[in-house]
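Where a number appears in this text, it was derived from the coordinates with a stated rule and is not lab data. Everything quoted here is computed from the prediction, not taken from an experiment. Cβ placement follows ideal geometry from the backbone for every residue including glycine, while neighbour counts extend to all protein chains displayed.
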Amino acid sequence: MKMLTTQLSGLLQRISSSEEENIEETARLLAQAAAGEGTIFFATFGEMKSISINAQFAAEPFPSMQSWSDEIELTSADRVWILTRSCYDEEALTLAKKLSDEFIPFSALAAEPASYDNMLADLAYTYIPTKLTKGLLPAEDGTRIVLPHALGGLFVYEAVKMKINEMLVGE
């Protein structure tokens, strides 16, 4: 248990120290919709769907947020936040390409750092990597286990939400 706590703490610390600027930029982009006539759509994939559920039903819901679905007709005032375990997720990439083609500003969060082969990072206006690309703990057989993508994503979500609330209250 102590090892898990140490590794989780390290993960959150790494995200906090290396992604502060990207978190701020993401909050600024999403706040454009909340401050205006738009909606912030959460497009979540895999275990990241837990973040959409939290954003909707938490004691402090995310401002101007709705869950994404293919039936939604976006306007130029809307913003989308794609949250996925991997930048190679086909559904997430399909949506990112569609949003890019329609000039709809969006942010993205995934495990992999921005790189030459990370199309999701290339297409997104802002991109936050959790850098959770291998398990946090060693297993008895030498592999690595414990990949808390949703936990890392929820940490980033809370940081972005805090920044948006600061921006909206400051108006």
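Structural remarks
- Test: residue in the stretch 37-48 that is under 27 Å from LEU137 (Cα atoms), among the hydroxyl-bearing types (Ser, Thr, Tyr), part of a strand (DSSP E or B) and in contact with a strand residue (DSSP E or B) (Cβ under 9 Å, 6 or more places away or on another chain): yes
- Flag for GLY135 being without any contact (Cβ under 8 Å) to a residue 40 or more places away in the chain and either of a type outside the set (A, V, I, L, M) or out of contact with any Cys (no Cβ under 6 Å at 6 or more places or on another chain) (or both): yes
- Selection from the stretch 157-171 of residues that are more than 19 Å from ALA59 (Cβ to Cβ) and either part of a helix (DSSP H, G or I) or in contact with a helix residue (DSSP H, G or I) (Cβ under 8 Å, 6 or more places away or on another chain) (or both): MET167, GLU171
- Any hit, the stretch 82-90, residues being touching a residue at least 12 places away in the same chain (Cβ under 8 Å), among the hydrophobic types (A, V, I, L, M, F, W, C), touching a strand residue (DSSP E or B) at 6+ places or on another chain (Cβ under 7 Å) and in a loop (DSSP other than H, G, I, E, B): yes
- Selection of the stretch 113-154 for residues being over 26 Å from LYS97 (Cα atoms) and not charged (D, E, K, R) yields GLY135, LEU136, LEU137, PRO138, ALA139, GLY142, THR143, ILE145, VAL146, LEU147, PRO148, LEU151.
- Looking across the stretch 59-84, the residues that are within 14 Å of the chain's Cα centre (by Cα) and polar (S, T, N, Q) come down to SER67, THR84.
- Being of a type in the set (A, V, I, L, M), under 22 Å from LYS163 (Cβ atoms) and either surrounded by fewer than 18 Cβ atoms within 10 Å (Cβ to Cβ) or touching a helix residue (DSSP H, G or I) at 6+ places or on another chain (Cβ under 9 Å) (or both) holds for only one residue in ALA92, ALA58, ALA139, and it is ALA58.
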